[in-house]
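Read the structure below first, then the notes.
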Amino acid sequence: AHLAALVLARGGSKGIPLKNIKLLAGVPLIGWVLRAASDAGVFHSIWVSTDHDEIEKVAKQFGAQVHRRSPEVSQDSSTSLEAITEFLNHHHEVDIVGNIQATSPCLHPSDLIKVADLIQKEGFDSVFSVVRRHQFRWSEVKKGENKMTEPQNLNPAKRCRRQDWPGELYENGSFYFAKRHLIEKGYLQGGKMAYYEMRAEHSVDIDIDIDWPIAEQRVLSFGYFGKEPLKEVKLLVCSIDGCLTNGRIYVTEDWKEMVSYDYRDMVGIDLLKKKGIQVRFISERDCSKTLSAMQLGCIAKVSVTNKLEVLENWQKDMGLSWKEVAYLGNEESDVECLKNAGMSGVPADACAVAQKAAGYICKSKGGCGAVREFAEHIFLLLEKVNSARKQ
């Protein structure tokens, strides 16, 4: 049976414009679930249903196929079932749909693998995700009604402790798997049904539960970052022009060059060095005098024609794996370095091909705090590495 993953990602959003591709911890929101779906290895095809060109572009960057949904199912009032039904009408090879919510960035491949087994091997017609909550419910009393509220799932005279109560299961919306025959009858849940209980820390719904800064912290703590385990970064290599500086060169009347930098970036470099992370710089032009004036106290290579070659030499000389190398670049000449480094980033104003190759896109522009921001990103991931070691 052909099992297809389907992520619904409409361009319109009442809250955050183009929310589905807004960067969350350096990755487009939709990218988190597409990465999990791809690495699960259980889907015969992975699709994004959208009505927007930019979302289509991001979906393809993460290896998904794109179904261009019609205007009829792209309205604010359109339901998920309508969009899924339209998809099936155009893709007759699909037997089972795994509808994955774009706003659930802490989804892990292990969850999807287990759900695929439930529906493919154990014969369930539909499987949906739930989370366990320990919340006491009371009846609602509308304004003007002369009533008392009543307990719904507790006895107030014998309130039990949280650890003595199993709690209740609530849909969390992360995914709904269903067979074609069920959807064609107008159901996402029906037939032989099963729920899949997700861990509470993985149950993040940006639409309902959480705001963006908190979601970023949750993703950095509990998100899925790829098949290979994270390693502690030991080397950061940073392109000078456009990352450490804003790329502008000022020339005086006596032909002396001047550049500007952000003091916050100097602080970020010092913090990295205090954490035991080596910081090195690279440039295609000869800016040795500028570097000397900055007094960074870091190794630098200038007049470079092949940045990847220099990076490889540094990596080998230090005896590091690629996972232990971070790279911050901004130009087409940085692309191969960004692809190879275990952790890669670009400033907000980096060129399009560099942004596509990077794992993290800073909110700050080059020369305006991007190095410090990328340093903070490294520190957060180091915390994740240390947490995993303790576990």
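The values are calculated or read from the model by the stated rules, or taken from the named source; none is laboratory data. Since this is a predicted model, take the numbers as computed values, not measurements. Counting neighbours? That spans all protein chains shown, and the Cβs are built from the backbone with ideal geometry, glycine included. Surface accessibility is based on the protein's heavy atoms, side chains included, excluding ligands, DNA and RNA. Shrake-Rupley method; radii C 1.70, N 1.55, O 1.52, S 1.80 Å.
Before moving on, here are some points about what is shown:
- Convex hull (Cα only) mean projected area of the range 297-391, reported in nm² to one decimal: 7.0
- 3J(HN,Hα) along the range 139-147: 5, 7, 10, 6, 4, x, 7, 8, 10 Hz, from the Karplus curve 6.51 cos²θ - 1.76 cosθ + 1.60 with θ = phi - 60°, whole Hz, x for Gly and Pro.
- Inverse mean reciprocal Cα-Cα distance (Kirkwood Rh) of the chain, Å: 23.6
- 16 Å Cα-Cα reach of residue 60 towards aspartates and glutamates, excluding residues that sit fewer than 8 places from it in its own chain: 39, 51
- For the chain, averaging the sequence separation of C-alpha pairs within contact (under 8 Å, six or more residues apart) and dividing by the residue count gives a relative contact order of 14 percent.
- Three-way shape call for the range 307-360 based on the alpha-carbon gyration tensor, with the a/c threshold at 1.5: prolate
- The listed residues 294, 318 rank as 318, 294 when sorted by accessible area, largest first, using a 1.4 Å probe.
- In nm, spacing of pseudo-spin labels at residue 317 and residue 54 (7 Å Cα→C-beta vector): 4.2
- Fluctuation leader among 191, 167, 367 - the chain, Gaussian network, Cα springs under 10 angstrom: 167
- Between residue 134 and residue 340, the FRET efficiency estimated from the beta carbon spacing at R0 = 35 angstrom works out to 0.15.
- Accessible heavy-atom area order of 70, 288, highest first, probe of 1.4 Å: 288, 70
- Relative compactness, the range 3-222, computed as alpha-carbon Rg over 2.2 N^0.38 Å: 1.11
- Bridging of residue 256 to lysines at a Cα separation below 18 Å is possible for 289, once same-chain residues fewer than 8 apart are set aside.
- List 255, 322, 32, ordered by accessible area with a 1.4 Å probe, largest first: 255, 322, 32
- Computed on the range 235-389, the Cα convex hull volume stands at 106 Å³ per residue.
- Of the cross-linked pairs 316/384; 227/339; 121/192; 57/114, those separated by over 20 Å at the C-alpha level are 316/384; 57/114.
- Global size of the range 1-99 as Cα Rg and Dmax, reported in angstrom: 12.9, 38
- Subtracting the Cα-Cα distance of residue 89 and residue 263 from their residue separation scaled by 0.36 nm leaves 56.9 nm.
- Label point at residue 70 placed 7 Å out along Cα→Cβ; residues across the range 84-102 whose backbone nitrogen lies under 17 Å: 84-92
- Computed on the range 3-222, with alpha-carbon pairs under 8 angstrom and 6+ residues apart, the relative contact order is 23 percent.
- For the range 310-385 versus the range 137-201, the spacing of their alpha-carbon centroids is 43 Å.
- Helix runs (DSSP H) in the chain reaching 20 Å along axis by Cα, Kyte-Doolittle at least -0.5: 370-390
- Here the Gaussian network model covers the chain, with springs between Cα atoms less than 10 Å apart; of 205, 164, 286, 164 fluctuates the most.
- Of 356, 22, 274, the one that fluctuates the most in a GNM where the chain has Cα springs shorter than 10 Å: 274
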